[in-house]
Amino acid sequence: MFDFVNRKKRVVQVIMGIAVLPFLFFGIGSYQRDDGSAYIAIVDDEEIPRIEFEQALRDQQDRMRNMLGDNYDSSIFDNPDVRLSVLESLIQQRLLRQEAINTGMTVLDSQLAGAIGDITEFHQDGSFSPQQYQDVLRSNGMNPLIFESRLREELILEQLLDAYNENTFISNTVAKKVLYLSEVQREINQVQFSSEQFLAQINPEDAAIQDYYDRNQISFQLPERVRVEYLVLSLNDLVMQQEIDPQEIKQYFDDNQAEYGSSEERQASHILFALPANVAEENKASILEKANEVLAQVRQDPEQFSALAEQYSEDPGSATQGGDLGFFGRGMMVKSFEDEIFQMQTDEISGLVETDFGFHIIKLTAIKDAAIADFDDVKDQIEFELKTLKAGNSFGGIAEDFSNTVYEQSETLQIAAQEFDLSLQTSDWIDRESKEPAMLANQRLLDAIFADDVIKDERNTSAIEVFQDVLVSARVLEHRTASTRSLSMVKDDIIAILKVQQATEMAIAQGEGKLVQLQEGSEDAIDNWEETKQVSYIETQGLDSLTMQAIFRANLAQLPAYTGVVDAQGNYSIIRITSVIEPDEQVDDEKFASLTGQLQQMLGQEEMAAYLAGLRQRSDVSIRSESF
């Protein structure tokens with residue numbers, strides 16, 4: 001079957017994240033939109049709804065918040081590149097799902113049941129609990145039908161992914177070679193010629209400064225820039241401004257009490273006789289006969305129901321619990337199963353009930369009556385819902401009025417600020433590529449800000465939706481055309497650059513000269529070697545990758561051997577290799593197996609990345625860029 005031991009927590013989170021889509025946000029986010037704005041991308045004629053994208057963003061925000069704690073900064077999700085990366089993950093999911101369907105992959109009911117039984121979130125005291133299963137789903141606003149549909153889809157994707165992640169092959173020869181290279185050590189000494197020691201000796205000439213300036217004009221160009229003032233009209237801000245009469249909250253509670261309580265729930269046990277997909281008629285008849293035999297035993301001795309469920313039921317999740325499914329409400333079981341249970345009396349035993357899973361014998365064990373929540377416990381929730389509803393109902397009209405005002409009163413934003421009670425904000429200098437502030441980083445807005453009529457005619461931009469339900473209009477306060485900074489402005493910067501360049505050249509020249517002497521046999525050319533180190537690719541002793549590469553590429557035909565390398569700071573290092581320390585010939589089986597697994601995983605990830613790139617290239621994917 002599948003390896004669910006370590007992956008199920010992620011599966012549960014993904015499925016619930018997809019399924020629990022806040023209805024209120026959907027209604028508000030679609031105010032006065034045409035049908036085309038309901039989606040954010042299309043993958044081979046299949047739309048990715050905007051609401052799914054927004055939910056994925058919230059899920060990613062929650063993951064980052066849990067991971068980073070107090071260091072979490074929500075503004076990173078205002079970055080269009082970050083938002084696009086979230087959308088790309090949804091596109092990849094669509095591509096993989098379509099590919100799985102096209103290749104005919106499927107999941108048997110027995111595999112689905114086994115997978116559910118393995119999910120630790122549904123366990124109590126170390127084993128699957130039907131009650132915990134129901135509670136977890138209910139707390140996330142789901143029922144088994146939705147969850148199991150999502151899980152079945154996830155399992156199909158797992159099959160596709162496992163073809164790469166679990167079927168890559170690394171030969172023993174390659175694995176042993178990699179293991180050897182990771183453990184073999186070099187005993188070294190090192191000496192460094194620092195570029196900093198030469199900085200004080202260098203005073204670049206005016207001709208060199210002028211030459212650098214002339215050859216690097218593009219480095220000293222300033223892009224076209226503006227400073228702007230702007231207004232932000234946001235649905236979230238409007239929600240917070242709403243006032244709701246306490247009587248209206250109470251009235252809403254009285255009119256909708258069923259929404260704020262718990263509906264009737266029933267506890268039942270069952271014995272399942274599973275029907276495989278596409279079962280032959282003769283086999284179905286045999287299963288039905290067996291089910292009727294067990295039904296007769298149950299009716300003869302109802303007290304044996306639990307024992308018979310443990311003996312005969314083919315539901316792995318409930319059989320060990322005597323068939324107990326825990327409490328559940330309407331809409332959480334398949335219809336024929338639910339209809340039977342909700343017309344039964346306590347301790348009543350049903351006849352055979354057929355569902356897509358097979359034949360069931362059901363015993364109703366308890367009924368929990370509906371309960372109404374206390375008003376004080378839910379009044380804050382109702383107030384927020386009413387505020388959100390009220391703001392959502394009016395936001396479309398307000399947004400339209402705001403757009404008209406900034407357009408009709410295009411010579412100022414002050415009128416719109418007063419009319420809509422908004423604060424006029426001012427930016428620092430920004431250019432066409434600016435990423436801050438986030439409200440101005442939208443490409444459509446930046447294009448509008450730098451449009452000729454906005455700059456030359458000193459007009460407001462139109463109101464542009466930079467995020468969902470967030471409109472911005474801006475007005476240019478100051479404008480600077482693209483220009484090249486004069487030599488006098490950048491002279492000090494150039495001098496600093498030339499000093500580093502020349503100091504690096506002097507350090508390299510001195511180091512290379514010493515290296516030649518050493519390689520020619522003058523071992524006394526260096527008398528200040530650092531302490532001896534034993535290094536390997538696993539234990540680098542703080543050496544950077546360039547130095548490690550130089551050490552392991554050195555010619556070791558004669559020891560000591562010498563090599564040199566320039567690091568990222570412009571320092572030159574000479575390394576003396578005095579000996580090679582071979583690893584143990586006896587390979588540790590556990591270590592070898594672990595390394596082989598890691599190499600297979602890496603290879604599988606590379607192959608999957610190439611596979612996804614190929615799918616993307618063969619598919620028709622379009623993104624509504626204005627959504628970013």
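The values are calculated or read from the model by the stated rules, or taken from the named source; none is laboratory data. Everything quoted here is computed from the prediction, not taken from an experiment. Here the Cβ is made from the backbone with ideal geometry for all residues, glycine too, and neighbour counts use every protein chain on show.
For the stretch 266-274, indicate whether the set of residues that are surrounded by fewer than 14 Cβ atoms within 10 Å (Cβ to Cβ) and modelled with pLDDT of 90 or more is non-empty.
No, that holds for no residue.
So for the stretch 530-546 (the condition being over 30 Å from E183 (Cβ atoms) and either in a loop (DSSP other than H, G, I, E, B) or touching a residue at least 24 places away in the same chain (Cβ under 8 Å) (or both)), does at least one residue qualify?
No, the conditions are met nowhere in the stretch 530-546.
If I filter the stretch 509-524 for residues that are in contact (Cβ under 8 Å) with a residue 12 or more places away in the chain and under 42 Å from the mean Cα position of the chain (by Cα), do I get at least one hit?
So far as the stretch 509-524 goes, no, none of its residues is in contact (Cβ under 8 Å) with a residue 12 or more places away in the chain and under 42 Å from the mean Cα position of the chain (by Cα).
What's the number of the only condition in (1) in contact (Cβ under 8 Å) with a residue 40 or more places away in the chain; (2) over 45 Å from the mean Cα position of the chain (by Cα); (3) surrounded by 15 or more Cβ atoms within 10 Å (Cβ to Cβ) that I497 fails to meet?
Every listed condition holds for I497 apart from (2).
Would you check which residues across the stretch 55-76 are polar (S, T, N, Q) and under 12 Å from the mean Cα position of the chain (by Cα) and list them?
Taking the stretch 55-76 and keeping what is polar (S, T, N, Q), we get 55, 60-61, 66, 71, 74-75.
Once the filter is applied, which keeps residues that are polar (S, T, N, Q) and under 12 Å from the mean Cα position of the chain (by Cα), the stretch 55-76 yields Q55, Q60, Q61.
So that you can scan it fast, the table gives a plain yes or no per residue for (1) among the basic types (K, R); (2) assigned to a loop (DSSP other than H, G, I, E, B); (3) more than 17 Å from V226 (Cβ to Cβ):
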site: N404; (1), (2), (3): no, no, yes
site: Y407; (1), (2), (3): no, no, yes
site: A416; (1), (2), (3): no, no, yes
site: S423; (1), (2), (3): no, yes, yes
site: R444; (1), (2), (3): yes, no, no
site: D447; (1), (2), (3): no, no, no
site: D453; (1), (2), (3): no, no, no
site: T461; (1), (2), (3): no, yes, no
site: V466; (1), (2), (3): no, no, no
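Take the stretch 373-384 and flag every residue that is touching a residue at least 40 places away in the same chain (Cβ under 8 Å) and either in the same structural domain as L295 (by TED's automatic domain parsing) or in a loop (DSSP other than H, G, I, E, B) (or both).
Listed by number, the list holds a single entry, A373.
Restricting to the stretch 306-318, name every residue that is touching a helix residue (DSSP H, G or I) at 6+ places or on another chain (Cβ under 8 Å) and without any contact (Cβ under 8 Å) to a residue 24 or more places away in the chain.
E310
For Q502, are the conditions met, namely being assigned to a helix (DSSP H, G or I), closer than 24 Å to L199 by Cβ and more than 45 Å from the chain's Cα centre (by Cα)? Outline the logic, then answer.
Details: assigned to a helix (DSSP H, G or I): yes; closer than 24 Å to L199 by Cβ: yes; more than 45 Å from the chain's Cα centre (by Cα): yes.
Yes: the conditions hold for Q502.
S427: closer than 16 Å to L231 by Cα, hydroxyl-bearing (S, T, Y) and surrounded by 18 or more Cβ atoms within 10 Å (Cβ to Cβ), yes or no?
Yes: the conditions hold for S427.
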